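Here is the structure we will look at, set down as structure tokens.
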Amino acid sequence: MAVSLHLAPGPAEPAAVSQHIRVVLADDHVPMRHSLRRLLDEVQDVEVVAEAGDHVSVARQVHGHHPEVLVLDLRMGGHSSIEAVRTLSERVPETKIVVISMEDNPVFAQRALTAGAVAFVAKDLADAELPQAVRAAASDEEYVSPRVSARLDALHRALTDHKLTQREVEVLRLIAFGHTSVEIARKLRLSPRTIETHRAHIHKKLGLTTRAELVRYALRRGLIGA
């Protein structure tokens, strides 16, 4: 007599777990954002889940999607993104922030990292470095573009060795690039008198008297490129 076997169903196959790093991409310059999007779309383990062009949209997309990583332009709509970095890193700590910038100023990198970003990438290096920075951030590891990192080390030495403030280093770099006090004041949104006060402090702390000496100091210390 034939025996009918009734086999119990086996355990259900586990649902596939996405291995993609989910990213929100924020930049107010549309062609640049599209360029960065194309770059990240070619990275096998990265998925851009949303884009944003202003700080309000950034907050909405991050709170809505809870991505592993936010790639955030340092300046959007004419405003610094540092406060957005600070707020989001406190309110959505599971989303790690990669700041990208046209500037390779180590002062800006320091401010971004202090505010809560875990990575800083110069935009002109994005093709080579942004995927690496996104992966590092997703693992909660710090990443700074090597070129910026070298200048960040120089900044730390200047702050430590000569007791310069970050603002003084910022003014020093702009002096070394050839800007006048009026131009520096305009860039930093300070008064020319305040810039002159910073210049006096820099000269006194470094024991240097001329702009040429300041340029040589900045070059030797790696605060600016040769």
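The values are calculated or read from the model by the stated rules, or taken from the named source; none is laboratory data. Keep in mind it's a predicted model, so treat the numbers as computed, not measured. All Cβ positions, even for glycine, are placed from backbone atoms using ideal geometry, and neighbour counts span all protein chains on display. Only protein heavy atoms, including side chains, enter the accessible area calculation; ligands, DNA and RNA are left aside. Shrake-Rupley method; radii C 1.70, N 1.55, O 1.52, S 1.80 Å.
Within the straight-line cut-off of under 28 Å between alpha carbons, the lysines reachable from residue 96 are 123, sequence neighbours fewer than 8 places apart in one chain being disregarded. Taking amide hydrogens as placed 1.01 Å from N in the peptide plane, the amide H of residue 46 sits under 5 Å from those of 21, each at least 5 positions away in sequence or on another chain.
Between amide H atoms placed 1.01 Å from N, distances below 5 Å from residue 116 occur with no residue 5 or more places distant or on a separate chain.
Inter-label distance, residue 132 to residue 197: 4.2 nm, where each label sits 7 Å from its Cα along the C-beta direction.
How many Å² of accessible area per residue for the chain, probe 1.4 Å?
54
Straight Cα distances below 29 angstrom link residue 163 to the lysines 187, 204, 205, with same-chain residues fewer than 8 positions distant left out. State the Cα centre-to-centre distance between the range 103-175 and the range 51-86 in whole Å. Distance between centres, Cα-based: 19 Å. Name all residues of the range 185-226 having a backbone nitrogen under 19 Å from the label point set 7 Å from the Cα of residue 163 along its Cα→Cβ direction, giving them as ranges. Only 197-209 fall inside the zone, counting backbone N under 19 Å. Antiparallel beta bridges, as assigned by DSSP with both residues in the chain, represent about 10 percent of the total such bridges. Each Cα pair under 8 Å and six or more residues apart adds its sequence gap; the mean of these over the residue count of the range 53-100 is a relative contact order of 47 percent. With the simple spin-label model, which puts each label point 7 Å out from Cα in the Cβ direction, the residue 205 to residue 41 separation comes to 4.7 nm. Dividing the alpha-carbon radius of gyration of the chain by 2.2 N^0.38 Å (N being the number of residues), what value is obtained? Output field value: 1.35. Sequence-distant contacts, meaning Cα pairs under 8 Å at least 6 residues apart, place the relative contact order of the chain at 13 percent. For the chain, the longest principal axis of the Cα atoms and the long axis of helix 146-161 meet at an angle of about 50 degrees.
Looking at the chain, identify the longest residue range that excludes and avoids all trypsin sites (Lys or Arg not before Pro) in DSSP loops having at most 11 other Cβ atoms within 10 Å.
1-162
Relative to the longest principal axis of the Cα atoms of the chain, the long axis of helix 106-115 lies at roughly 50 degrees. Atom-type composition of the exposed protein surface of the range 91-226 places 51 percent of the accessible area on carbon and sulfur (1.4 angstrom probe).
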